1. Sort out which residues of region 222-262 are more than 20 Å from Y46 (Cα to Cα) and touching a His at 6+ places or on another chain (Cβ under 6 Å), and write them in order of number.
2. So which of L9, L32 is over 16 Å from the mean Cα position of the chain (by Cα), at pLDDT 90 or above and closer than 25 Å to L218 by Cβ?
3. Would you call G174 out of contact with any Lys or Arg (no Cβ under 9 Å at 6 or more places or on another chain) and either within 24 Å of T133 (Cα to Cα) or part of a strand (DSSP E or B) (or both)?
4. Give L178, L182 a once-over and let me know the one that is out of contact with any Pro (no Cβ under 8 Å at 6 or more places or on another chain) and buried (at least 17 other Cβ atoms within 10 Å of the Cβ).
5. Quick one: is A221 among the hydrophobic types (A, V, I, L, M, F, W, C), in contact with a Pro (Cβ under 6 Å, 6 or more places away or on another chain) and at pLDDT 95 or above?
6. Tell me which residues, restricted to region 207-228, are surrounded by 15 or more Cβ atoms within 10 Å (Cβ to Cβ) and closer than 15 Å to F25 by Cα.
7. How about region 123-140: which of its residues are farther than 22 Å from M172 by Cα and surrounded by fewer than 17 Cβ atoms within 10 Å (Cβ to Cβ)?
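The values are calculated or read from the model by the stated rules, or taken from the named source; none is laboratory data. Only a predicted model underlies this, so the values are computations on that prediction, with no experimental measurement involved. So basically every Cβ, Gly included, is an ideal-geometry build from the backbone, and we count neighbours across all protein chains shown.
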Amino acid sequence: MRKHLLAALCLAASTAHADERLFGFSYEADLLPKGGLEYEQTVTNYNGQAQGIFNRWQIAQELEYGFTDRLSGSLYLNFNDEYTSVNGPAAGTQTSEEFSFDGLSSEWKYQVLSPLRDVFGLVLYLEPRYSGTELELEPKVILQKDLGGAWTLALNITPETEWGFSADGQTMHGEEYLSLGLAWKSGPIAAGVEALNSRLRPNWGDETASAWFLGPSLHYAAEKWWATLAVLPQVQGRSSTGAADGLSFANDDYAKVESRLILGIEF
């Protein structure tokens, strides 16, 4: 009796969710099954820059639905909360804090290859976002390879374009993202490491700044919910206003640390 109860508890604890996120900044190639419904709360923190105090929170509330076993779509609301405090030589300390609505996003994922049935997993991703003053288009190629059962390797390639609209005219901002994650999963717990590279290209011209981030990710899955935390400090960068040597940091253009917490609840 005790053995059967223990086996049942272990089976429940090790329940795998179809689209659980083992990483904070990298997607995997698994999707919700047809008819699946999930709520995700994502909180991202950008902390520290070259001068003063900088702290920005991005909050996204998402509802995702599986239309087929290969196609899922979602809608979510975005919010920003930014705090800065800079001690200037003439004006003294200048502090500002602003909470704002950052638009509505729609995320679409189509699975070309399954990581369970094929040699590797491949998902094509598209996410438009509109806030009234900004239009953003984020396509993504998601690759996943399962290594020896317990290990998962994920690679994301993202060319993102953002258009800004104001009384002064229109601007265009390009940014390239490359993220790579490796995680080991045992039962309900997973631990891994994640690397993220970003490159800024105004008007999709020459690169003006870039940064590398590297850090750990932790994941836990229960029967109806899961959570993932990733903390990625900046380890190397080239700032648009700083030196370009290999030991520099891009703290004028990027945060010193990027962290993300994701909570997923299945219905």
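1. The answer is W226, and nothing else.
2. L32 is the lone residue from the list that is over 16 Å from the mean Cα position of the chain (by Cα), at pLDDT 90 or above and closer than 25 Å to L218 by Cβ.
3. No; evaluated as a whole, the condition is false for this residue.
4. None of the others qualify; the one that does is L182.
5. yes
6. If the condition is that a residue be surrounded by 15 or more Cβ atoms within 10 Å (Cβ to Cβ) and closer than 15 Å to F25 by Cα, then A211, W212, F213, L214, G215, S217, L218, H219, A227, T228 are the ones that fit.
7. Selection gives L124 alone.
Here's the yes/no breakdown for (1) closer than 19 Å to L143 by Cα; (2) part of a strand (DSSP E or B):
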{"residue": "G35", "(1), (2)": "no, no"}
{"residue": "G73", "(1), (2)": "yes, yes"}
{"residue": "Y76", "(1), (2)": "no, yes"}
{"residue": "L104", "(1), (2)": "no, yes"}
